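The values are calculated or read from the model by the stated rules, or taken from the named source; none is laboratory data. Treat the numbers as computed from the prediction; the structure is a model and nothing was measured. Cβ: placed from backbone, ideal geometry, glycine included. Neighbour counts: every protein chain shown. Calculation scope for accessible area: heavy atoms of the full protein, side chains included, ligands and nucleic acids excluded. Shrake-Rupley method; radii C 1.70, N 1.55, O 1.52, S 1.80 Å.
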Amino acid sequence: DNNGGGHPPYVNAAHQRRNKHLDRRYLSSIDYTWEEFRYMVLQCGFEILEEEMYIPARYTGDEKSMMKVVYDCAFLVARKKKSMDG
C-alpha cells in the first residue's frame, strides 16, 4: 500500500513524522462527541437512567503553576431495555 504501511489514508508522511512518538492505537482511535455517543447508546436499545455533564477531571498540571489540563467529562447510567420477544 502507498499510505505509510497500513495507516489510515489520512495519515501522510508528515503526519507520521510529527507523531512517531505516539502509540499506533492512538493514531487509529475514533473520537465521538457526547451527542454522537449518546445517540449510539439509545440506538443500541439502552435507556439512560442518569446523565451528568461537565464533570471536571484533571489530567495533568503542576500545583505550583497556573498551567493545567482539565477535561469536561460526562457520566451516564444506562440499562438495556428488555426485548419484546421475552
Note down the accessible area of residue 75, probe 1.4 Å, to the nearest 10 Å².
90
Run through segment 31-86 and list the trypsin sites (Lys or Arg not before Pro) located in a DSSP loop whose Cβ has at most 12 other Cβ atoms within 10 Å.
64, 81, 82
Heavy atoms only, 1.4 Å probe, whole protein assembly: order 70, 41 by accessible area, highest first.
70, 41
Give the aspartates and glutamates whose C-alpha is closer than 14 Å to that of residue 80, dropping any in the same chain fewer than 8 places away, or say none.
47, 50
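Tell me, in nm to one decimal, what length is gained between residue 44 and residue 67 on full extension, where the rule is 0.36 nm per residue of separation less the Cα-Cα distance?
4.3 nm
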With all protein chains in place and a 1.4 Å probe, residue 23 shows an accessible area in Å² (nearest 10) of 70
Distance in nm between pseudo-label sites at residue 18 and residue 33 (7 Å out along the Cβ direction from Cα)
2.3
